[in-house]
Amino acid sequence: MKITSKLGLSAAFLCGMLTFNAAHAADTINVRLDWTPWGVQAPFHLAAAKGWFAKQGLDVKLEDGNGSVTTVQIVGNGEFDIGHAALAPMAIARAKGLPVKAVAAFARQNDIGLLVPAESGWKSPADLKGKKLAYTAGSLETPFLDRFLAAGGLTRSDVELISVDAAAKAGTYMAGRADGAFSSAPFFLGVVKAQRPSSNIRFADLGLSFPSFGLVATEQKIKEKGAALTRFASIAAGAWMYIEAGNEDEAVKAIIAARPQAKLNPVVLRDQIDALKGYFRTPATKDGPLGVMAEADWTTALETLSSGGLIPAGQKAADYYTNDLLDTKLIAATAKGAP
């Protein structure tokens, strides 16, 4: 009887421990990033390095990407729990039937612009007559080239537009084979700075407004893993605010440590982070925490995308985003370094 009792007690104890461990197991979050490592991914690598995700019961797995369009597509197909991507491609995909939504926005202004040599003094499209400008057919700038030029009283006949592959754009511009290049300004400015210091004529300043980088998830994943995704999105938002508050170099070190094989240049990463900070806020979001989105911004964004023929007219902003996965208290705590 004693042996049976002890065995029963041991079995009960083991069962209890297994139940405890299962109840407290970390929630796995599989994340698809937008691109190969660069400054925009700072909050994820920093939060992982500081143990902020783990402290909130998250086992976060970060996979590099090869473009926002691809990230949106594979997240939409359910292959990842959440993705980090430019949000305009998300909106375009949703309008075509992919069940994805924006769940946080960090760069809430359009990051696309025309990079021009810093010494040129060119400030607006009106300064570009007769210039050779590189763009990538199929990229997000292409539907808006006419409106961009029209803001300076120009048409395509007034400039020479050359189509180059996205991977060759930086090289083409740095070699002087183009006077300007359309691209994501925060990414591009840091890459070309050493060889060809540049300034940026911003699409956002010309009325071409839509959000840039943020987090995307499917409606199904939001239902299934809403609590875990809330912790992930909130920590990422707070990590950006922590970085912005003077901890940029700490973020640079975290990216390099996470991706040693990429042989990243810390100066370029820091330049990219600094450039991104100029895109964080809009008039509608300037008083709130990072991540949180405004209906007015999404209404304008959908109108802009519709004017470019990228989505049908008459879309409802509320269908494209949700703030429900953002915990402002957790964002604030993370921003102070104590999630």
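Tabulated results
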item	result
Interchain or long-range residues, amide H under 5 Å from F210's placed H	N110
Within the stretch 192-227: backbone nitrogen closer than 17 Å to the I162 label point (7 Å, Cα to C-beta)	196
Per-residue ³J(HN,Hα) for the stretch 208-221, Karplus 6.51 cos²θ - 1.76 cosθ + 1.60, θ = phi - 60°, Hz, x for Gly and Pro	9, 10, 6, x, 9, 6, x, 10, 10, 9, 7, 4, 5, 5
³J(HN,Hα), Karplus 6.51/-1.76/1.60, whole Hz, each residue of the stretch 246-261, x for Gly, Pro	x, 10, 4, 5, 5, 5, 4, 4, 5, 5, 4, 5, 6, 10, x, 5
Share of pairwise Cα separations in the stretch 112-206, more than 20 Å, in percent	24
Rounded Å value of the spacing that divides the Cα centres of the stretch 156-176 and the stretch 84-139	15
Within-14-Å neighbourhood charge of E63 [Cβ basis; K, R +1; D, E -1]	-2
Karplus 3J(HN,Hα) series, Hz, for the stretch 83-88 with 6.51 cos²θ - 1.76 cosθ + 1.60 (x for Gly, Pro)	x, 10, 7, 5, 7, 5
Amide proton proximity set for G291, modelled H, under 5 Å, gap of 5+	A105
Spatial separation of Cα centroids for the stretch 277-331 and the stretch 198-240, in angstrom	9
Whole-number percent relative contact order across the chain, with pairs defined as alpha carbons under 8 Å at least 6 apart	26
Residues whose placed amide H lies under 5 Å from that of V60, excluding near-sequence neighbours	I29
For the chain, fraction of C-alpha pairs farther apart than 27 Å, in %	47
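We did not get these values from a lab; they are worked out from the coordinates using the rules stated. Quantities reported herein were computed from a predicted structural model and do not represent experimental measurements. Cβ coordinates were reconstructed from backbone atoms using ideal geometry, including for glycine residues, and neighbour counts include every protein chain displayed.
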